[in-house]
Amino acid sequence: STNSKLKFGDRNTLVREVQERLNLHGYSTSGIDSIYGRGTERAVKSFQRANGLDITGVVDAETHQLLLKEPKKPTTWRTKLTMDASAYSSQDPGNGSHTARGNLLRRGLVAVDPDMIPLGTELYIEGYGYAVADDTGGAIRGNKIDLAMDSHEEAIYFGRQEVVVYILK
């Protein structure tokens with residue numbers, strides 16, 4: 001554990017470790033480069049928010065301790081799929097601020113083909129975390145999933161990649 005706090009502007013191997021831990025917990029830092037930039041600060045704030053910590057964007061001892069814990073993956077699931085994933089946010093041109101089910105578009109909600117994964121289904125997505133199938137999209141058909149992010153930058157950084165999706169019981 002570290003007694004020193006990591007903050008915006010820091011550049012060292014501890015920052016790299018924090019970036020790796022954030023990604024492992026499903027928080028995109030916009031790259032693992034040992035530089036505590038805007039992407040890392042945003043990921044730290046999202047992690048702090050999700051874990052009920054003070055949202056400072058600074059890695060203090062409490063934030064660091066939680067980052068060191070293993071992310072809790074599901075131990076049981078109904079189906080495990082490999083899917084083509086893209087990412088989106090409410091800041092993207094043409095996107096609304098609400099999902100098909102009427103929730104505010106935010107990280108943890110995903111767009112699916114409801115013929116494949118019914119809306120309301122609880123999911124776990126490796127590298128993203130727990131999520132709920134809450135939205136649909138014109139291009140989201142079949143084995144595709146669109147992961148909501150908290151910012152346009154985060155969505156762009158994620159790009160397109162293959163993810164493992166667990167459909168929970």
Condition first: outside any loop (DSSP other than H, G, I, E, B), in contact with a Ser or Thr (Cβ under 7 Å, 6 or more places away or on another chain) and either over 16 Å from THR121 (Cβ atoms) or among the small types (Gly, Ala, Ser) (or both). Now tell me which residues in region 140-169 satisfy that. ALA148, HIS152, GLU153, GLU154, ALA155, TYR157, PHE158, GLU162
Within the bounds of region 147-163, is there any residue that is more than 16 Å from the chain's Cα centre (by Cα), over 22 Å from ARG42 (Cα atoms) and open to solvent by 30 Å² or more (accessible area, probe 1.4 Å)? no
TYR124 being modelled with pLDDT under 95, in a loop (DSSP other than H, G, I, E, B) and open to solvent by less than 50 Å² (accessible area, probe 1.4 Å): no
Taking region 79-112 as the region of interest, how many residues are among the charged types (D, E, K, R) and at pLDDT 95 or above? 3
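The values are calculated or read from the model by the stated rules, or taken from the named source; none is laboratory data. All figures in this text were calculated on a predicted structure; none of them were measured in a lab. All Cβ positions, glycine included, derive from the backbone under ideal geometry; neighbour counts span all protein chains shown. Ligands, DNA and RNA are excluded from the accessible area calculation, which covers all protein heavy atoms including side chains. Shrake-Rupley method; radii C 1.70, N 1.55, O 1.52, S 1.80 Å.
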